[in-house]
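Chemist: My questions all concern the structure below.
The values are calculated or read from the model by the stated rules, or taken from the named source; none is laboratory data. It should be emphasised that the depicted structure is a prediction, and the values quoted were computed from it without experimental measurement. When we count neighbours, we look across all protein chains shown, and the Cβ atoms used for this are built from the backbone with ideal geometry, even at glycine. For the accessible areas, the whole protein counts, side chains as well, though only heavy atoms, and no ligand, DNA or RNA atoms are used. Shrake-Rupley method; radii C 1.70, N 1.55, O 1.52, S 1.80 Å.
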Amino acid sequence: MQSCPCLESCVLHGNRISDVAKLAKSAATSLRVLDLSDNEIISWESVSTLKTARYLENLNLSDNRLRSISTNSCEEGDWKSLSTLSLSRNPLETWKSVEALAFLPSLVSLRICGAGIGSSISDDCFRQGKRCVRD
């Protein structure tokens with residue numbers, strides 16, 4: 001992607017990607033849409049390397065192996081453009097992972113269908129004015 005500095009959308013669906021860190025530098029330039037669905041991503045720490053991608057608006061992480069989300073390394077200004085995030089069909093273990101996403105300043109759409117994290121949704125997600133979709 002480094003050879004395409006004007007690239008705004010990239011679909012890397014089904015490529016057995018497990019480490020996102022290698023994409024972070026390229027994504028930081030002009031990427032607005034990144035589809036990493038159906039890969040082998042297990043670590044939120046790997047995903048968080050994308051937090052400085054200043055134009056990234058839409059991130060699809062569906063059908064990976066994410067079990068939890070940690071916001072320990074986030075600072076003000078990180079993920080500033082991300083408005084849509086899909087975590088569907090990841091084996092998220094608790095709603096605490098979803099609630100951890102409250103730090104995303106521009107998030108307006110969150111898709112978590114088929115994540116298997118229980119039948120009750122936390123009111124905190126809605127209090128933040130976010131749009132959450134679950135099955």
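Chemist: Restricting attention to the range 108-125, which residues are in a loop (DSSP other than H, G, I, E, B) and at pLDDT 75 or above? Full working, then the answer.
Modeler: Narrowing the range 108-125 to residues in a loop (DSSP other than H, G, I, E, B): 108, 112-122.
V108, I112, C113, G114, A115, I117 - these are the residues of the range 108-125 that are in a loop (DSSP other than H, G, I, E, B) and at pLDDT 75 or above.
Chemist: Select from the range 71-83 the residues that are over 27 Å from C6 (Cα atoms) and open to solvent by 50 Å² or more (accessible area, probe 1.4 Å) and write down the one among them that is modelled with the lowest pLDDT.
Modeler: To start, the set of residues in the range 71-83 that are over 27 Å from C6 (Cα atoms) comprises 71-73.
Among the residues that remain, those that are also open to solvent by 50 Å² or more (accessible area, probe 1.4 Å) are: 72-73.
Working: N72: 69, S73: 61.
My answer is S73.
Chemist: Which condition from (1) assigned to a helix (DSSP H, G or I); (2) at pLDDT below 85; (3) buried (at least 16 other Cβ atoms within 10 Å of the Cβ); (4) not acidic (D, E) is the one that L101 breaks?
Modeler: (2)
Chemist: Scan the range 6-57 residue by residue and report those that are in contact with a Leu (Cβ under 9 Å, 6 or more places away or on another chain), over 20 Å from S70 (Cα atoms) and of a type in the set (D, E, K, R).
Modeler: Passing the criteria: E8, R32, D35.
Chemist: Consider only pairs whose beta carbons are under 7 Å apart and that are at least six residues apart or on different chains; among these, list those whose first residue lies in the range 76-96 and is closer than 17 Å to L66 by Cα and whose second residue is surrounded by 18 or more Cβ atoms within 10 Å (Cβ to Cβ) and of a type in the set (K, R).
Modeler: S86/R111; L87/R111; S88/R111
Chemist: In addition: Inside the range 18-70, can you point out the residues that are open to solvent by 50 Å² or more (accessible area, probe 1.4 Å), at negative phi and in a loop (DSSP other than H, G, I, E, B)?
Modeler: S18, D19, R32, E40, I42, T52, R54, Y55, E57, R65, R67, S68
Chemist: Continuing with the same structure: If I filter the range 1-17 down to residues being open to solvent by 70 Å² or more (accessible area, probe 1.4 Å) and over 20 Å from R89 (Cβ atoms), which single residue comes out as modelled with the highest pLDDT? Before you say what the answer is, go through the steps one by one.
Modeler: Our first condition is that a residue be open to solvent by 70 Å² or more (accessible area, probe 1.4 Å); within the range 1-17, this holds for 2-3, 5-6, 8, 11, 13, 15-16.
Within this subset, residues satisfying the condition of being over 20 Å from R89 (Cβ atoms) are 2-3, 5-6, 8.
Numbers: Q2: 57, S3: 64, P5: 76, C6: 83, E8: 92.
Among residues in the range 1-17 that are open to solvent by 70 Å² or more (accessible area, probe 1.4 Å) and over 20 Å from R89 (Cβ atoms), the one modelled with the highest pLDDT is E8.
Chemist: Which residues, taken from the range 84-98, are surrounded by fewer than 16 Cβ atoms within 10 Å (Cβ to Cβ) and not hydroxyl-bearing (S, T, Y)?
Modeler: Quick first cut of the range 84-98, residues surrounded by fewer than 16 Cβ atoms within 10 Å (Cβ to Cβ) only: 91, 93-94, 96.
Once the filter is applied, which keeps residues that are surrounded by fewer than 16 Cβ atoms within 10 Å (Cβ to Cβ) and not hydroxyl-bearing (S, T, Y), the range 84-98 yields P91, E93, K96.
Chemist: Search the range 100-112 for residues that are closer than 11 Å to I69 by Cβ and pair each with any residue that is of a type in the set (F, W, Y) when their beta-carbon atoms are under 8 Å apart and the residues are at least 6 apart or on different chains.
Modeler: Pairs found: F103/W79; L104/W79.
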